[in-house]
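Contents: one structure, followed by commentary.
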Amino acid sequence: MNGNECISETLGDYVLVRLSGEVDLSWSQQVRRAILDALGDTGKVGVELSQVSYIDSSGIAALVEGFQNARSRGSRFALVAISDAVRAVLELARLDRVFLIVADPAAVSGS
Amino acid sequence: MRPVAADSRDSARASGRRALSFLADLSQSLAVSLDLKTTLGPALTRTMDFMHAEGASLFLLDPATKLLECKVCAGPVDIVGLKLEVGQGVVGRAVAENAPQRSDDARRDARVNTRVDAETGFLTRAILCVPLATAQGPIGALEIINRRDGGAFDADDAEILRLVAAPMALAINNARLALEVAEQQRIRREMGLARSIQKSLLPKRRRGKFPLIGVNLPAHEISGDFYDYFDLADGRLAFFVGDISGKGLDAAFLMVRVASLLRWSGKAAPAPAAWLREVNTELCETLQNGRFVCAVVGIYDRRTHKVVIANAGFPPGLLDHGGRFEELPADGPPLGIIKEAEYGERTLDLGGAALYLFSDGATDVREGARARLGADGLCELIRRYAALAPEPRLRALISELKRRRLVDDTTLLLLQEPRGSEVRELLALRFPADPREMRRVRAELRTALDVEDVAPELRDRLVLVVDEACTNVMRHAYCGGETGTIALRVTRERDMLGFELRDEAPCVDPARIKPRDLSECRAGGLGVAFIDATMDFWHIEGLPGGRGNRLVMRKRVAAQVQNDRESD
């Protein structure tokens, strides 16, 4: 078991996609699909990243695609509880100010 | 009894046969010899006799002066050396018009030049002249004078003379070409000799742990660049490198003189500034027509690792402190211009650094249609091969320069204290180009970097960048169902981490691999941007043979503090 997991669950009016493990090219397509599917199902999607110990540019690309997709639909898209590893790569890619980043899943629902 | 008509037909046939055998003999005698002096004279006499003429002459066109000069003649009047302008007289006209000229009554013909007759008392009655035609136009003319029976030349005569002129023109042309080839071979031989004499003046490469190596690449056979080094009595090492203004033979001769002068003056071990001053004074007295000499002289003390250099108008030297370059500009004007010139000198602590001195030929190389390489381009090349020992590094630099277009003599001198190989291998992996392999590769790399005490933040960045480089190979190099392996090698030399990635995929075009602008938000192309933002240096190249790529990346890390834990 390598600890890589991608689980989507519906919580109230939003879908939370929980990622864990090392998000890399070997399965980032699966992550991308899960995010796009969630956006197809509902107008509010959060991607929970607290258990992600590593993410590469293909994983970041999946998040960027989710962000762009949500914006074109007028949906809400947030990154939730990002780990330090994810934050470092977002900063390197200068995307840390592009995404809506929240600490608590409940914030995905909006105020 | 045979009818009269048949009789004259027979005689026509007989004279035709006679003409043919004459032409065949003439052609053959001209064809077998390249020595025109011995061939043309008899050929001309035979032509004169065959044509029943009183005189014959052959004129050749001098391409330089555009004058026609009589080279050979036969008959009672010697006109060898007579010069005519093209268009002048019957001969000049034959050449100008590239067409036969016939004068049946020369005394009343305005075309005929009467000067020779007036000077010699010879009476010119009839003239027939044909050009010596070649594919490149007429190269001269063949002329016969006066039929012996007193009559005029006729159309048949003109036709035969034209046939005679053809092999003559060919023979003359061949002989000229042969002469040119021989001349070129002679020049090449002498240039080769000059080159080997020049080469013998360059110092012999010393074996063992010697800190100086130099290379001289002439743009042509001979060079105006020079370098030399020699031991001083006190054990220090003196060296110089220079460049004579201008190119070619005279620059090469001057180079020999200046190099001897610098060596002679340097043997007395003056301080570099005084060394330059002395040579400058001497050259100011003797150099002529605007020539000057750019040079650097220096003295290196191997015990203190201090080097003192003085630069007279030579391109700025480069001191490479492990990737950081210090420019060492000129300390005074070129030698041989200002008699009172004063030169500064600078003392450098060589330590582990490398001092590069290079003539402007090294930065003037052209990259295709692109501009010159420049000092920045040279620094870039030096960085690329910084991991190599001095000798292979210099070889690599030279082959890089050669791969571009050399436009000037090029000389490189490298001063660096040799050291034992301190390159340690931290990790060497070969794995299938499959994304599922990367988790293990990252783990091994992380461990290797931890062993080296690389700070966690930088460690994670380096792991990310190597991962991106590998997945780029998988996605872009091994595309279209190609499979293969990736070899990763991580090394450390002092405080420099080196990462080398090799694959067996078709060569990628390095020009297409550029970091994207990180300020725009889009999904693709992040990997190269990560590499660019993290590494101090990176370079990708296709391996020879169209297969395989090599990516080299380097990152300086904080020097290890080894006694840290023991002292705790």
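The values are calculated or read from the model by the stated rules, or taken from the named source; none is laboratory data. All values reported here derive from a predicted model rather than from experimental measurement. Cβ coordinates were reconstructed from backbone atoms using ideal geometry, including for glycine residues, and neighbour counts include every protein chain displayed. Heavy atoms of the whole protein, side chains included, go into the accessibility calculation; ligands, DNA and RNA do not. Shrake-Rupley method; radii C 1.70, N 1.55, O 1.52, S 1.80 Å.
Within chain B, what's the longest stretch lacking GluC sites (Glu not before Pro) that sit in DSSP loops with no more than 11 other Cβ atoms inside 10 Å? After excluding every exposed loop site, the longest remaining stretch is B:1-339. Using a Förster radius of 22 Å, what is the FRET efficiency between residue B:264 and residue B:232 based on their Cβ-Cβ separation? Nearest 0.05, please. Working from the Cβ atoms, E equals 0.95.
Each distinct pair of alpha carbons in the range B:353-400 adds a 1/r term; the inverse of their mean, the Kirkwood radius, is 11.3 Å. To the nearest ten degrees, helix B:155-201 and the longest principal axis of the Cα atoms of chain B are 30 degrees apart. Note on the range B:89-152: percent of Cα-Cα distances in each 10 Å bin, starting at 0 and stopping at the bin with the largest distance, equals 23, 49, 23, 4.
Per residue of chain B, what 222 nm ellipticity follows from adding -39500 (n - 2.57) for every DSSP H run with n ≥ 4, rounded to the nearest 500? Each step should come with its number before you reach the end.
Numbers: 13 runs with 208 residues, N = 568.
It comes out at -12000 deg cm²/dmol, rounded to the nearest 500.
Based on the Cα gyration tensor of the protein assembly as shown, what are the three equivalent ellipsoid semi-axes, each the root of five times an eigenvalue, rounded to whole Å and given largest first? Could you put the intermediate results ahead of the total?
Values: eigenvalues 1366, 331, 84 Å².
After scaling each eigenvalue by five and taking roots: 83, 41, 21 Å.
Here's the list of lysines a cross-link from residue B:555 could span, going by alpha-carbon distance under 22 Å and ignoring same-chain residues fewer than 8 apart: B:514. Distance between the modelled labels on residue B:189 and residue B:115, one decimal in nanometres: 4.1 nm (7 Å Cα→Cβ projection). Work out, in µm²/s and without decimals, the Stokes-Einstein translational diffusion coefficient of chain A at 10 °C, 1.306 mPa s, Rh from Kirkwood over C-alpha pairs. Rounded to a whole number, D works out at 117 µm²/s. Provide the buried accessible surface between chains A and B in square angstrom, both chains summed, 1.4 Å probe, rounded to the nearest 100. For A against B, buried area totals roughly 1900 Å². When nucleic acids and ligands are ignored and a 1.4 Å probe is applied, residue B:52 ends up with an accessible area of around 90 Å².
Probe of 1.4 angstrom, ligands and nucleic acids ignored: what's the accessible area per residue over chain A, in square angstrom?
On a per-residue basis, 44 Å².
Largest first, the three principal axis extents of the alpha carbons in chain B are 136, 70, 44 Å in whole numbers. Relative to the current alpha-carbon distance between residue B:338 and residue B:180, full extension at 0.36 nm per residue lengthens the span by 52.5 nm.
Computed from Cα positions, the angle between helix B:438-451 and the longest principal axis of chain B comes to roughly 70 degrees. Ligands, DNA and RNA left out, the 1.4 Å accessible surface of chain A is 44% carbon and sulfur atoms.
Label-to-label distance, residue B:444 versus residue B:372, with points set 7 angstrom from Cα along the beta-carbon direction: 4.7 nm.
Using a Debye calculation, one point per C-alpha and no hydration shell, please list log10 I(q)/I(0) for the range B:62-171 at q = 0.12, 0.15, 0.23 Å⁻¹ in order. So the normalised log intensities work out to -0.38, -0.61, -1.50.
Scaled to the globular estimate 2.2 N^0.38 Å, the Cα spread of the range B:410-485, given as radius of gyration, is 1.52. Three semi-axes describe the equivalent ellipsoid of the range A:1-42; taken as square roots of 5 times the Cα gyration tensor eigenvalues and ordered largest first, they are 20, 12, 5 Å.
How much area per residue is accessible in chain B when the probe is 1.4 Å and only protein heavy atoms are counted (Å²)?
Accessible surface, normalised per residue, equals 49 Å².
Within straight cross-link reach of residue B:83, meaning Cα distance under 17 Å, which aspartates and glutamates are found once same-chain residues fewer than 8 apart are removed? Leaving aside aspartates and glutamates fewer than 8 places away in the same chain, those within reach of residue B:83 are B:62, B:69, B:117, B:119, B:143. As a calculated quantity, the FRET efficiency between residue B:12 and residue B:98 at R0 = 25 Å, using C-beta atoms, amounts to about 0.25.
Within straight-line reach of residue B:204, meaning a Cα separation under 16 Å, there are no lysines at least 8 residues removed in sequence or on another chain. P(r) tail, the range B:53-121: Cα-Cα pairs separated by more than 17 Å, 44% of all pairs.
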